[in-house]
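Presented below is the structure to which this report refers.
The values are calculated or read from the model by the stated rules, or taken from the named source; none is laboratory data. Predicted model only: the values in this text are computed from it and were never measured. Note: ideal-geometry Cβ built from the backbone for every residue, glycine included; neighbour counts use all protein chains shown. Only protein heavy atoms, including side chains, enter the accessible area calculation; ligands, DNA and RNA are left aside. Shrake-Rupley method; radii C 1.70, N 1.55, O 1.52, S 1.80 Å.
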Amino acid sequence: MRLPVMLAALVCLLTLASLPTAAQTLDAVRARGFLICGATNPLPGFAQLDADGRWSGFDVDLCRAIAAAVFGNPDLIEFRSLRGEARFAPLQTKEVDVLTRDGPWTGRRDTLYGANYVGTAFFDGQAFLVPQALGLVSAFELDNIRICVIDGGDDLERIQEFFFANQATYTEVPYEDIDDLALAYKTGLCDAVSASGRQLQAIRRGLPDPNAHRILPERISKELLGPVVRAGDTQWFNIVKWTLFALINAEELGLTSLNTDSLAASHTPAIRRILGVDGDFGTALGLKPTFMADVIRAIGNYAELYDRHFGPQTGAALLRGQNSLWSNGGLLYAPPVR
């Protein structure tokens, strides 16, 4: 008789384990009093430490946006940089509440590691970095050129396919590490570098004159980056998702960190909804009705977020390209608040 009892107990435990952990993360964050947020490795523009040991960057401001949604205060965060090979475990073990940049979104990462990608905050892909002196404006002009690339991975295979398809010639200059690519390019051992756009931007920012170099607009792979949360907590998933959507919708509606309060008197229904003047889209998430207004007031809209970390004032402006709004020819799109 003991075996059926043990089986029944096992079934019960498995059933409990499969139940959604409603509000688990939100309750834990509030009880702690601050958000713990992580991203994969420091990367200039996305997450970097200043001389005083403070984190800043695109990833960090996404964390601050979530804190603004939860607490109304964007500064109630602790930011952690995680090694690329150890990122899902800290999320699963609740050492962090959210990852704002992980490896690019894939089926395996979204289904096998107890984590879910919330949405796309940054569209990227493999690209080419070249000196402005070459006079190139498109990757399709590349020919008879030496290209530094990481050896033995997808990057190498993709440039092989790209040049074969375009019937152009090139010479591979392979290295094992991204830092090797930067040094080789800087010292003239190759004419171009091929890697993800975000890695090329980091290389470019480290050059003596970043504006003397250009990341060509084409992407030869598809890489989607965005917040990642633990699987099973639908409420937290939706909080992070609609925080991101608030930034995107705010840009589309012309809401900024400077005009959020004044536009609360607007007669435009979409603006009134996102600011929480009409309707209540926060309470169902366990948040204030005005949580999106708190996010926009603290962080700005998506354009402000992007320009702050990739705009001209950084000394190495990165064209928005795919990260432009859908209405401006990009891929950035969010469901409306209604």
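Observations, loosely collected:
- Qualifying residue in the range 278-294 (condition: more than 22 Å from Thr100 (Cβ to Cβ), in a helix (DSSP H, G or I) and modelled with pLDDT of 95 or more): yes
- Qualifying residue in the range 264-281 (condition: surrounded by fewer than 21 Cβ atoms within 10 Å (Cβ to Cβ) and hydroxyl-bearing (Ser, Thr, Tyr)): yes
- Residue satisfying all of: in the range 78-89; without any contact (Cβ under 8 Å) to a residue 24 or more places away in the chain and among the hydrophobic types (A, V, I, L, M, F, W, C); surrounded by the fewest Cβ atoms within 10 Å (Cβ to Cβ) among these: Ala86
- For Asp75, the conditions (1) in a helix (DSSP H, G or I); (2) open to solvent by 30 Å² or more (accessible area, probe 1.4 Å) all hold with the exception of (1).
- Residue ID - surrounded by the fewest Cβ atoms within 10 Å (Cβ to Cβ), chosen from residues in the range 90-144 that are of a type in the set (Gly, Ala, Ser) and over 16 Å from the mean Cα position of the chain (by Cα): Gly107
- Among residues of the range 229-250 that are assigned to a loop (DSSP other than H, G, I, E, B), those with a Cβ under 6 angstrom from a residue that is buried (at least 23 other Cβ atoms within 10 Å of the Cβ), sequence gap 6+ or separate chain, pair up as Asp233/Thr25.
- Filtered residue count, the range 251-277, keeping only those that are in a helix (DSSP H, G or I) and among the acidic types (Asp, Glu): 2
- Criterion applied to Leu224, Leu207 was being touching a strand residue (DSSP E or B) at 6+ places or on another chain (Cβ under 8 Å), surrounded by fewer than 20 Cβ atoms within 10 Å (Cβ to Cβ) and over 28 Å from Leu331 (Cα atoms), and the one residue passing it is Leu207.
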